[in-house]
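See structure below.
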Amino acid sequence: PAISIVQNNGTMCSSFYYKSHKIIKGKNQIEGLPQTYVEEGDNVESLELCLYDDIDNIELILNYSAFYDYDIIAQSVKVTNKSDKKIKIDRIMSASVDLKYKNFDFIHLHGAWCNECNVQRVPVLNGGMTIDSKRGCSSPNHNPFFALAEKSATEDMGEVYGFNLI
């Protein structure tokens, strides 16, 4: 699952339900984290979904910001423990994307100092694909960007989904 929370008693069952939503012009800032930003005049709207687990009193905010001029959607997630009990977040993913199966290529950028952004394009393999850096941050070695492109896609045409993990 996209989220795995361990409650104080050891249970791992969360039951989030829709509580509310709001649509705002622009984008909310994410305190203390790297993020995309909006400047005055940018054509951006955000949808904020509030989900709530009444049993464990945990609030989950899913935020989707659409940058209309660039065909980009930025996603984030925020968990707030509203109870007096400790919880442990084992896993939380702000993006879970389901794509219609196609024979995609996996494109990412690798390199080294003074040799950045070399494009590597390989077929998507069964089991999983990994971009990894042991530095603890992004670097010229492995940029946290990847794309899924249909086999016939070029720089000028074709179906391509790009992802930048911030």
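The values are calculated or read from the model by the stated rules, or taken from the named source; none is laboratory data. Keep in mind that what you see is a predicted model, and the values were worked out from it rather than measured. Note that we place each Cβ from the backbone using ideal geometry, even for glycine, and neighbour counts take in every protein chain shown. Surface areas here come from the heavy atoms of the whole protein model, side chains and all, with no ligands, DNA or RNA. Shrake-Rupley method; radii C 1.70, N 1.55, O 1.52, S 1.80 Å.
Restricting to strands (runs of 3 or more DSSP E) lying wholly in the stretch 56-166: which have 1 or more residues that are free of Cβ contacts under 8 Å to residues at least 12 places away in the same chain?
Details: elements: 58-67, 72-81, 88-92, 104-112, 115-123, 142-150, 160-164.
Answer list for the stretch 56-166: 72-81, 115-123.
For residues in the stretch 117-165 being surrounded by 13 or more Cβ atoms within 10 Å (Cβ to Cβ) and β-branched (Val, Ile, Thr), which is modelled with the lowest pLDDT?
131
Restricting to the stretch 23-39, what's the tally of residues that are part of a strand (DSSP E or B) and either within 20 Å of the chain's Cα centre (by Cα) or β-branched (Val, Ile, Thr) (or both)?
Selection size over the stretch 23-39: 2.
Take residue 78 and tell me if it is at pLDDT 90 or above and open to solvent by 50 Å² or more (accessible area, probe 1.4 Å).
yes
Name the single residue that is nearest to residue 165 (Cα to Cα) among those in the stretch 96-116 being aromatic (Phe, Trp, Tyr) and open to solvent by less than 80 Å² (accessible area, probe 1.4 Å).
This residue is 106.
From 46, 20, 4, 15, which residue is part of a strand (DSSP E or B), farther than 26 Å from residue 165 by Cα and of a type outside the set (A, V, I, L, M, F, W, C)?
20
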